[in-house]
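The values are calculated or read from the model by the stated rules, or taken from the named source; none is laboratory data. From a predicted model like this one, the values you see are computed outputs, not experimental measurements. Every residue, glycine as well, gets a Cβ built from its backbone with ideal geometry; the counts of neighbours run over all protein chains shown.
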Amino acid sequence: MVRGGRPLYGTAQVPAAKNSVLPLLAASLLCGGPVRLRGVPRLSDVEGCMALLRGVGCAAAWDGGDVVVSGRAACCRLPAGETARLRASVLFAAPLLGRLGRAETALPGGCNIGARPVDWHLGALEQMGARVCQVGQRLVLSAPSGLHGACLSLPGPSVGATETALLAGCAARGRTVVENAALEPEILDLAQFLNRCGGCVEGAGTSRIVIEGGRRLHGTAYRPMPDRIFASTLACAVASARGRVTIAGCSPGLYAPVLDVLEQAGCWVLRGAGWASVGRAGPLRGVGLLETGVYPGLATDAAPLVAAALLSARGQTVLVDHVFEARFGCAGGFKAMGAAVSVRGRTLHIHGGRPLHGADVTAGDLRGGAALVVAALGARGSSRIAGREYIARGYGGLEEMLRSLGARIG
Ligand code: EPZ
């Protein structure tokens with residue numbers, strides 16, 4: 001429940017990034033000793049990946065705000081329930097394959113923002129010596145003589161497929177070169193973790209990554225990078241609700257396109273080392289055409305959040321998501337709140353200028369659900385947002401944090 005119309009004031013600390021923690025949990029399968037991830041948010045996707053680790057024989061438990069993974073994988077079959085629910089389950093195939101010579105999983109689920117195939121993941125593993133057999137939704141990958149290095153050229157800049165290639169490259173004999181690798185900072189975070197564990201990954205953050213495999217990886221303690229999409233969510237919440245919030249613990253450079261758009265729309269933004277302050281007092285103006293892209297472009301995950309912040313801005317905003325084909329499922333909720341929006345394929349048109357009122361709406365995916373919260377904060381009156389479990393996948397303690405900033409939410 002959200003009662004909108006109250007400005008947000010205060011300071012918020014950005015938690016660790018879901019999209020870094022999940023690949024790091026998969027990477028822990030490659031480590032011969034215990035792995036401690038520090039300051040991990042309590043997300044259902046994190047719990048799901050811990051269940052995957054336990055399902056293959058590792059120990060994975062909370063220790064305060066940390067997650068500790070220990071023990072070696074003894075079973076190659078990933079639990080079907082979790083793999084069907086979690087997109088990130090695909091990341092567990094490469095390390096299992098590397099350690100046990102076999103991995104049994106299922107075509108992964110995840111938010112319904114598009115088709116989201118895993119063909120590029122499987123293609124990379126096949127080039128490294130794996131055999132892939134699909135029976136219905138089940139996938140059986142085998143590499144009886146282990147994985148070997150390869151020169152991979154990914155068909156497209158995919159975050160997940162790049163992460164699969166890094167994990168497989170560490171487990172493989174010899175050198176793996178990944179061309180057309182994705183540039184997202186979460187990939188750099190994974191490479192830094194693997195190198196901290198004794199791996200040799202060079203070039204992460206560029207489109208060409210080289211991995212020297214065949215090295216024994218030990219355990220480590222590691223603090224994952226901050227969540228740039230959570231930070232974007234807070235910035236868009238202020239733009240929607242008015243007020244002034246300092247977003248601490250995340251470099252503004254990690255979500256620069258979002259801050260730039262909000263500034264262009266009429267918010268003011270201060271950028272510091274590891275923090276940003278965002279404020280909004282008066283009316284916002286539409287910003288015309290916005291297109292998402294791979295990093296460092298406007299993140300696809302931020303598109304619904306920016307849309308929510310600009311629903312009442314005077315003038316047009318047009319958002320095109322080039323990454324996923326069904327990113328704007330939340331547009332129905334925006335309309336219910338009185339926004340003048342229309343969706344055609346990958347494009348969301350916001351005709352702007354209309355004040356929002358509370359409404360009963362339903363989240364259909366993670367970022368769409370967060371976008372409905374952002375819009376409700378700026379709406380007059382109360383909104384009820386169903387589908388809270390979607391939001392819980394990627395936002396731990398969002399309600400408490402927004403309440404601490406003055407929002408009436410619960
Ligand atoms: C990661 O998903 C993130 N998830 C997504 O965040 C994020 O939106 C996305 O990267 C883009 O930044 C995690 O890190 C767990 P991709 P991923 O592979 O890896 C196509 C959130 O809300 N593709 O970069 O699945 C794909 O269909 C989530 O936190 C293939 O065709 O994204 C898409 O069009 C949502 N075949 C494009 O590439 C493949 O084998 C980019 O997808 C793989 C991808």
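Below is a table of values for the structure above.
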{"item": "Residues being buried (at least 19 other Cβ atoms within 10 Å of the Cβ) and either part of a helix (DSSP H, G or I) or out of contact with any strand residue (DSSP E or B) (no Cβ under 8 Å at 6 or more places or on another chain) (or both) - total across the range 219-256", "result": "17"}
{"item": "Qualifying residues in the range 73-119 (those that are of a type in the set (Lys, Arg) and within 16 Å of the ligand (Cβ to nearest atom)) - the one nearest to Arg327 (Cα to Cα)", "result": "Arg116"}
{"item": "Flag for Arg131 being in contact (Cβ under 8 Å) with a residue 24 or more places away in the chain, away from the ligand (no atom under 15 Å from the Cβ), surrounded by fewer than 18 Cβ atoms within 10 Å (Cβ to Cβ) and on the phi < 0 side of the Ramachandran plot", "result": "no"}
{"item": "All positions within the range 2-23 that are on the phi < 0 side of the Ramachandran plot, away from the ligand (no atom under 11 Å from the Cβ) and not in a strand (DSSP E or B)", "result": "Gly4, Arg6, Pro7, Val14, Pro15"}
{"item": "Condition check for Arg280: within 22 Å of Arg354 (Cβ to Cβ), away from the ligand (no atom under 16 Å from the Cβ) and touching a Phe, Trp or Tyr at 6+ places or on another chain (Cβ under 8 Å)", "result": "yes"}
{"item": "Residue among Leu154, Leu183 that is within 22 Å of the chain's Cα centre (by Cα) and surrounded by fewer than 20 Cβ atoms within 10 Å (Cβ to Cβ)", "result": "Leu183"}
{"item": "Those residues of the range 287-306 which are of a type in the set (A, V, I, L, M, F, W, C), over 18 Å from the mean Cα position of the chain (by Cα) and either in a strand (DSSP E or B) or within 16 Å of the ligand (Cβ to nearest atom) (or both), in sequence order", "result": "Leu289, Leu290"}
{"item": "Residues satisfying the stated conditions in the range 311-347, i.e. away from the ligand (no atom under 16 Å from the Cβ) and either in a strand (DSSP E or B) or modelled with pLDDT under 95 (or both)", "result": "Arg314, Thr317, Val318, Val341, Ser342, Val343, Arg344"}
{"item": "Every pair of residues 6+ apart whose Cβ atoms lie under 7 Å, when the first sits in the range 17-32 and is modelled with pLDDT of 95 or more while the second is among the aromatic types (Phe, Trp, Tyr) and within 13 Å of the ligand (Cβ to nearest atom)", "result": "Ala26/Phe92; Leu29/Phe92"}
